Structures are given as C-alpha cells and as structure tokens.
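What follows is a set of notes on a single structure, which appears directly below.
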Amino acid sequence: MTRFRQATINDAKELVAIYAPYITNTTITFETEIPTIEDFQQRIKDITANFPYLVAVDDDDKILGYAYAHLYGTRAAYAWTVEASIYVDHNYKGHGLGRELYHRLEAILKRQGVVNLLAAVTEENSGSVKFHEKLGYREVGTFQKAGFKFGRWLDVIWLQKELNPKLPEMKPIVPFNELS
C-alpha cells in the first residue's frame, strides 16, 4: 500500500536515484549533470521552508516518486504563483501514483493560499502535457527553443491551473510548516 509523507533531507539519496535517469536519458528536465546528495539535501531544505515536498512510499518505506512546488519568481508580486514538479520511479509509472501525488500537492497548496499553479513541460514530453490537461491545467504559452539538450533546441510549454480565486486584496501565503 502506498503512503504519502513530507520529504526529509534523509530522502535525498533515493530522490537523486529517481531523478538521475530523467537527467541522463530524457529532455524532461534541462539539468545535464546529476546533482550531489548534498545539493539535493539543500534543495529539500529550501523548498520545505515554505512549500510541500511530498514523497510516495511503499510498505518498506521505499520512495516510488515525489512532487514539490516552489515559487515561480522571487519578486513580491509572484507570491501566489508556484511551479510544480513531479518525478516517478520508471518502474511505477502508469499506475496513478503521479495523479495521487499531484492531488495531494494541490490540496496543500490550496490551503496555503496559492492561486496559480504552473507546470513547465518540454515539447518532447507530450505525455506530461496530457497528464496536466487531465488534471485541469490549460496551456498558456510556449517559450520557443528555450533549452538546448542532447544537441537540439527544445520548446518549453507552460500550463496553468487556478487553485484559489484572484481577489483585489490577497492574504499572505501560509508557510507549509504553519498549516494546522
């Protein structure tokens, strides 16, 4: 049975193991070098300071996939806009794990007060575009040939979903660790 929990820095090694094949074998991420365990621990610390970083684990606490969100931009006006990312162990794709991770991530972000949830998808990842569209995201733009990997230039498709209403007066985002 799959359980879901918040990631910790102790998960970094397993998370890198899931992420590494995406770096070395696909254009799903534009990273070209596998991050160190220490780099990934810092990423977890940085993200979890304000936002959820969820992992899906099996009965033996083996991580099967993960999803997280981070601010889209650092300027104050972007405070209600975050970008989501998800990576699932290739052995567990296609079983609804990604959908469940996203549902849980979105529910937390909604409680935090996030308004706009964004996803950046490379043009060769049409499965991810369809995945996001099934979850209610709509395509809002394309950055033409914005990334170069494996000897070719690639478009980046941006998708967006509204989690909370856009109001004339916005309350500050509730940091993840302050949610009850």
Quick one: in segment 55-76, which of the residues that are over 20 Å from V121 (Cβ atoms) and touching a residue at least 12 places away in the same chain (Cβ under 8 Å) is nearest to the chain's Cα centre (by Cα)?
V55
For segment 6-16, give me each residue that is farther than 12 Å from G65 by Cβ and either out of contact with any Leu (no Cβ under 7 Å at 6 or more places or on another chain) or in a helix (DSSP H, G or I) (or both).
T8, I9, N10, A12, K13, V16
Is it the case that L135 is open to solvent by less than 30 Å² (accessible area, probe 1.4 Å) and free of Cβ contacts under 8 Å to residues at least 40 places away in the same chain?
yes
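Each row is one residue, and each column tells you yes or no for (1) open to solvent by 40 Å² or more (accessible area, probe 1.4 Å); (2) basic (K, R); (3) in contact (Cβ under 8 Å) with a residue 40 or more places away in the chain; (4) at negative phi.
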| position | (1), (2), (3), (4) |
| --- | --- |
| Y78 | yes, no, no, yes |
| L97 | no, no, yes, yes |
| E100 | yes, no, yes, yes |
| L109 | no, no, yes, yes |
| A119 | no, no, yes, yes |
Criterion first (of a type in the set (D, E), surrounded by fewer than 14 Cβ atoms within 10 Å (Cβ to Cβ), farther than 20 Å from A120 by Cβ and modelled with pLDDT of 95 or more) does D46 satisfy it?
no
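The values are calculated or read from the model by the stated rules, or taken from the named source; none is laboratory data. Because the structure is a prediction, the values reported are computed rather than measured. With ideal geometry, Cβ positions are generated from the backbone for all residues, glycine too; neighbour counts draw on all protein chains shown. Calculation scope for accessible area: heavy atoms of the full protein, side chains included, ligands and nucleic acids excluded. Shrake-Rupley method; radii C 1.70, N 1.55, O 1.52, S 1.80 Å.
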